[in-house]
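Accompanying notes for the structure given below.
The values are calculated or read from the model by the stated rules, or taken from the named source; none is laboratory data. Quick caveat, the model's predicted, so the values are computed rather than measured. In this analysis, Cβ positions are derived from the backbone assuming ideal geometry, glycine residues included, and neighbour counts consider all displayed protein chains.
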Amino acid sequence: MIQEKTGAVKLEQAGLDEHTKAMLQKLKIVTVIGSGTMGNGICHVFAQSGFNVHMMDINQAAMDKALATIGKNMDRQIAKNALTEDDKSAALGRITTYTDMAAAVKDADIVIEAATENIDLKIKIFKQLDELCPEHCILATNTSSISITRIGSHTKRPGKVIGMHFMNPVPVMKLVEIINGYATDKEVSNTVYSLSQYLGKVPCIVNDYPGFISNRILMPLINEAILALQEGVAGVEEIDTIMKLGMAHPMGPLQLADFIGLDTCYSIMNVLHMGFGNQKYAPATLLANMVQAGFLGVKSGEGFYKYTAGSKELVISERFKDKSWKL
Ligand SMILES: NC(=O)c1ccc[n+]([C@@H]2O[C@H](COP(=O)([O-])OP(=O)(O)OC[C@H]3O[C@@H](n4cnc5c(N)ncnc54)[C@H](O)[C@@H]3O)[C@@H](O)[C@H]2O)c1
């Protein structure tokens, strides 16, 4: 389904120098590939900032769900007086959905790829994008761990390939981790930096090593929590409570793993394990088993916790309630 809408980026925002304004004025159409957990949030922030957003997914139902989620999240902003009803309808009006990649990217100035975390899939998508996008188009990926250099090497424009790593939930989290691949042009890096600031985010630039900074540090922490559970050192509740109350983490590592998606956590651990060739990054067997069994956390309805639509209560999965459970 294609619904064409119009809109324009407003660059009157204070504090932008002329060079930055000129860079940002070139970015009118943003295509977001993938409309899952991250894709819907990325579309949300771009549309709210005045960009024309082309949302593309192979699955129309995923896009319908994404639009409903964006609407609900904007209602929360309205309840907090952070957005008006008019802003909401204008922002939703700037989003167009596509299942055909060629149509979604033919006029794009920047693409943010947020499809499933899988190296073969990302390489296939970037080869297609390279063929279909205008020559000037920047190709960014929201990957959590996959090498930007490697993705870029499968295109004829590695200088225009960059990591633009938003955090979950995108409308709330301030950080954008920008990852320069080995061949990324400085101008492209500067543009994505300014663009992130324009979206109201705080960008940090890092180099292209497995897991970058965020997941090189976060994922071994999550994996260690899963190993501790697997070894019977403590239960789900104790592990998460210790990290919340003892280390002032807003969410325990097992709840966070459910929130991120256990499949995504597993993929990232595999990237770290392969990339560094170090056994300390081997994914926990329990994590592998849960992913293979389809217990992916919030997105599948159950992981370390059980999720019921409409309920905010944190309920430990039946499997982990009995502390004498075995792997
Ligand atoms: N979940 C997180 O907390 C988080 C945080 C930061 C970054 N990321 C990264 O963001 C990316 C997306 O993760 P997610 O959690 O949103 O995944 P998700 O599983 O929620 O959504 C992925 C979406 O991609 C779509 N898709 C698959 N193949 C496609 C294709 N060929 N073309 C278009 N769409 C396609 C799927 O239909 C699905 O809707 C991954 O690279 C992930 O590592 C995730």
Inset, instruction - Pick out the one residue from 92, 67 that is closer than 23 Å to residue 261 by Cα, surrounded by fewer than 23 Cβ atoms within 10 Å (Cβ to Cβ) and among the aliphatic types (A, V, I, L, M). - result: 67
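Please determine whether any residue of the stretch 312-323 is of a type in the set (D, E, K, R) and surrounded by 17 or more Cβ atoms within 10 Å (Cβ to Cβ).
Within the stretch 312-323 (the criterion being of a type in the set (D, E, K, R) and surrounded by 17 or more Cβ atoms within 10 Å (Cβ to Cβ)), the answer is no, since none of the residues qualifies.
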Inset, instruction - For the stretch 303-322, enumerate the residues that are within 16 Å of residue 229 (Cβ to Cβ) and within 16 Å of the ligand (Cβ to nearest atom). - result: 303, 304, 305
Inset, instruction - Could you list, in sequence order, all residues of the stretch 76-95 that are small (Gly, Ala, Ser), in a helix (DSSP H, G or I) and without any contact (Cβ under 8 Å) to a residue 12 or more places away in the chain? - result: 79, 89
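If a residue must be more than 15 Å from the ligand (Cβ to nearest atom) and crowded, with 16+ Cβ neighbours inside 10 Å, how many such residues does the stretch 271-286 contain?
4
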Legend entry - Scope the stretch 25-53; condition in a helix (DSSP H, G or I) and over 19 Å from residue 200 (Cβ atoms); matching residues: 37
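Taking residue 22 as the residue in question, decide whether it is within 16 Å of the ligand (Cβ to nearest atom) and either part of a strand (DSSP E or B) or out of contact with any Phe, Trp or Tyr (no Cβ under 8 Å at 6 or more places or on another chain) (or both).
no
Conditions tested, residue by residue: (1) buried (at least 18 other Cβ atoms within 10 Å of the Cβ); (2) in contact with a Ser or Thr (Cβ under 7 Å, 6 or more places away or on another chain); (3) not assigned by TED's automatic domain parsing to the domain that holds residue 111.
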residue	(1), (2), (3)
137	yes, no, no
151	yes, yes, no
170	yes, no, no
181	yes, yes, no
223	yes, no, yes
Inset, instruction - Determine whether the stretch 251-270 contains at least one residue that is more than 15 Å from the ligand (Cβ to nearest atom) and under 20 Å from residue 216 (Cα atoms). - result: yes
Legend entry - the stretch 50-71, residues that are among the aliphatic types (A, V, I, L, M) and either more than 11 Å from the ligand (Cβ to nearest atom) or not assigned by TED's automatic domain parsing to the domain that holds residue 171 (or both): 53, 67, 68, 70
Inset, instruction - Can you work out which of the residues in the stretch 28-49 that are more than 16 Å from the ligand (Cβ to nearest atom) and over 21 Å from residue 106 (Cβ atoms) is surrounded by the fewest Cβ atoms within 10 Å (Cβ to Cβ)? - result: 49
Inset, instruction - Please determine, by comparing only the residues of the stretch 140-166 that are among the β-branched types (Val, Ile, Thr) and within 15 Å of the ligand (Cβ to nearest atom), which one is modelled with the lowest pLDDT. - result: 146
Inset, instruction - Inspect the stretch 305-318 for any residue being of a type in the set (Gly, Ala, Ser), within 23 Å of the chain's Cα centre (by Cα) and at pLDDT 95 or above and give the result as yes or no. - result: no
Legend entry - Top-ranked residue of the stretch 253-299 - restricted to ones that are among the polar types (S, T, N, Q) and touching an Asp or Glu at 6+ places or on another chain (Cβ under 9 Å), ranked as farthest from residue 243 (Cα to Cα): 267
Inset, instruction - Quick one: in the stretch 95-133, of everything that is near the ligand (Cβ under 10 Å from one of its atoms) and among the hydroxyl-bearing types (Ser, Thr, Tyr), which residue is surrounded by the fewest Cβ atoms within 10 Å (Cβ to Cβ)? - result: 116
